[in-house]
Amino acid sequence: MGQAMNVQHKSRLIWLDLLKGFCMILIVISHVSNRADIYGRLYTPIFLSAFFFASGYTFKPRGSFTEFLKNKIVSLGIPFVCLGLINACLAVVIERDLIVDRLKYLASFRGVWDDLWFIACLFSMQFILYGIYKLSLAIVGARRDNGIFILITSFMLSVISYMVVKTTGISLPLQFESACVGIFSMALGYFYKVNENKIDNIVMRVRGGTGLV
């Protein structure tokens, strides 16, 4: 039994790695091709949503806020700052940009030298989902059905944020407005993880009923 669970666990990590690898390939394609064409419009939302889904699957809201903050600073904040400083220094040396202007982009406003926008966006999304998770505990409690609350809340936030961004063009530090728009994809990944066995059982029943297994 233990061996079977271990094999199953490893297979799930494999599919998650394959998903991330596939998304990375699409990212490379999107940067070397004309993203304004019809194909770019089709696959760009797919790999972005898939990346956020994968991040939601690995999302761990356990521990105090201080512990959560330290973890995200180490895993996302420090790499973002280091890469940003390297990028800024190279821009000063190669493109003769002013160091003061380049350092401003570390705030990662949308459209302003946002080369590392994804890391900044993911950093913000982690805290948004953490806040929604804590809100679900306060309103629904620690029952498993708080996942529904998280999904509904994140969906409403995504829709409202999308309308606000489209109508106002607002741009906030650390890609916060983009994080609010994409938070539903991340919440889906977290919802799948906490309900994985239940969802897998439903899928198996459906396949069995249709003769696919």
On the given criteria, is G169 exposed (fewer than 15 other Cβ atoms within 10 Å of the Cβ), farther than 22 Å from F123 by Cα and either small (G, A, S) or at pLDDT below 80 (or both)?
-> no
With respect to A107, is the statement that it is touching a Pro at 6+ places or on another chain (Cβ under 6 Å) and at pLDDT 70 or above true?
-> yes
Go through segment 45-56 and count every residue that is farther than 17 Å from A179 by Cβ and modelled with pLDDT of 90 or more.
-> 0
Candidates L18, L42, L83 - the one that is part of a helix (DSSP H, G or I), modelled with pLDDT under 75 and open to solvent by 80 Å² or more (accessible area, probe 1.4 Å) | L42
Consider only pairs whose beta carbons are under 6 Å apart and that are at least six residues apart or on different chains; among these, list those whose first residue lies in segment 144-173 and is free of Cβ contacts under 8 Å to residues at least 40 places away in the same chain and whose second residue is open to solvent by less than 30 Å² (accessible area, probe 1.4 Å) and not hydrophobic (A, V, I, L, M, F, W, C).
-> N146/S136; F149/S136; V165/E177; I170/E177
How many residues of segment 147-157 are open to solvent by less than 20 Å² (accessible area, probe 1.4 Å) and either at pLDDT below 95 or not in a helix (DSSP H, G or I) (or both)? The answer is 2
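The values are calculated or read from the model by the stated rules, or taken from the named source; none is laboratory data. Note that the structure is predicted; figures quoted are calculated from it, not measured. We place every Cβ from the backbone using ideal geometry, glycine too, and count neighbours over all the protein chains shown. Note: accessible area is taken over every heavy atom of the protein model, side chains too, but ligands, DNA and RNA are not part of it. Shrake-Rupley method; radii C 1.70, N 1.55, O 1.52, S 1.80 Å.
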